[in-house]
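Okay, so here's the structure we're looking at.
All of the numbers you see were taken from the coordinates with simple rules; none came from a lab. No experiment lies behind these values; they were computed from the predicted model shown. Neighbour counts run over all protein chains shown; Cβ positions are idealised from the backbone, glycine included.
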Amino acid sequence: MYNVAIVGATGAVGEELFRVLEEYNFPVKKLVPLASARSVGKEVEFKGETLKVKELTCDVFEKEEIDIAFFSAGGSVSAKFAPCAVKAGAVVIDNTSYFRMDKDVPLVVPEVNPEDIALWRKKGIIANPNCSTIQMVISLAPLHKEFNIKRVEVATYQAVSGAGKKGMEELFEQMRAIFNFKLDKVVDEREVFQYQIALNVIPHIDKFMDNGFTREEMKMVNETNKIMHSNIEVAPTCVRVPVLRSHSEAITIHCEKEVDVKRAREVLESFEDIKVIDNPEKNEYPMPIIATDTDYVYVGRIRKDLFDNKTLHFFNVADQLRVGAATNAVRIALKWIE
Ligand code: HSE
């Protein structure tokens, strides 16, 4: 049994972590919810018990004898407090981007590169990848093994939960204003996204870099190859859409071998975390309303390119708070304790 801390306990991912730890029956001896001073005393539920949020300080990990610390409170919090947790003897499973590209920190999707967890000893930290990367590599891994992927083109349709609770609230507020015909109010209710998100799509997530790509897009480029130990060319366009908590991705893979739709379905289905929904005759394909609140990456619309027999297209959807964050983190922890 383990003493577990959740840093960022009142955020969207933090709250999901409580649910997933409970659902996966993680061997928790004591659960310690941690957050900044302004959230201290807030109540969270775990296994029917009410726990009070404690203040995140450097010495709390030693005081509470923490074995596993999940961090999901932003990169600057991880930078400051993860070393305190490690020093106190805990393993850190970090959901932020802060340590992801550090060569001494494994970046892990347990179904794709579980062996990398062994590198945790180098710094005491295991990084959880970006949500859009996790769901993409889960669907790429079996296809890469079969067809040898050289290049990926991907357009994402990312839910507002990717921007945290405030992003979700912003969509709700704007929808309410639209519903009440307070159209002038819609744009006022804006703090998180660059433009109105209700009834809109925004081809911009995180900061623009000098090369014209966004930080979110560059995460997909760099993290994919670190996880897959590959040098696949990844060309992403990341787009925010007014969906609550499941990200979708339209993906094209260019391969070294000729692709085959039937074989692609078979290898995708052989992965435990993937469900193929792909029946055009019955209008069946993955959508956010199917994926929400589940732990699967749903894949469909699988088709061979019209002009190039080494190119395959498909569409995938997954709950970004679970598959893209909390569930992946808990699965890392389950492998770590094995
Ligand atoms: N950066 C992602 C988003 C969240 O904004 O949707 C996934 O970690």
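At a glance:
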read-out	value
The range 289-332, relative contact order [Cα under 8 Å, separation at least 6], %	40
Point-to-point label distance, Ala155-Leu334, nm (Cα→Cβ direction, 7 Å offset)	3.5
Exposure proxy order (Cβ contacts within 10 Å, fewest to most) of Trp336, Trp120	Trp336, Trp120
Centroid-to-centroid separation of the range 175-199 and the range 267-338 [C-alpha atoms, Å]	31
Contour excess over end-to-end distance, with Cα ends at Met287 and Lys80 and 0.36 nm allotted per residue	70.7 nm
The range 191-266: chymotrypsin sites (Phe, Trp or Tyr not before Pro) in DSSP coil with no more than 15 other Cβ atoms inside 10 Å	Tyr195
Cα gyration tensor category, rounded, prolate or oblate, for the range 194-248 with a/c compared to 1.5	oblate
Label point distance in nm, Asn279-Glu22, each placed 7 Å from Cα along Cα→Cβ	3.4
The chain, relative contact order in percent, only Cα pairs under 8 angstrom and at least six apart counted	18
The range 1-115, relative contact order [Cα under 8 Å, separation at least 6], %	25
Full-extension gain in nm, Arg265 to Lys30, via 0.36 nm per residue minus C-alpha separation	80.4 nm
Cβ-derived FRET efficiency at R0 22 Å, Glu256 paired with Asn222, nearest 0.05	0.50
Span from the the range 204-247 Cα centroid across to the the range 1-44 one, whole angstrom	28
Rounded, prolate or oblate (a/c below 1.5 giving rounded, otherwise prolate when a/b exceeds b/c) for the chain by Cα gyration tensor	oblate
Rounded, prolate or oblate (a/c below 1.5 giving rounded, otherwise prolate when a/b exceeds b/c) for the range 206-278 by Cα gyration tensor	oblate
Ala37/Asn309 FRET efficiency (R0 56 Å; Cβ-Cβ; nearest 0.05)	0.40
Cβ-based exposure ranking for Ser230, Ser270, Ser72, in which fewest neighbours within 10 Å come first	Ser270, Ser230, Ser72
Order of Asp184, Asp260 under a 10 Å beta carbon neighbour criterion, fewest first	Asp184, Asp260
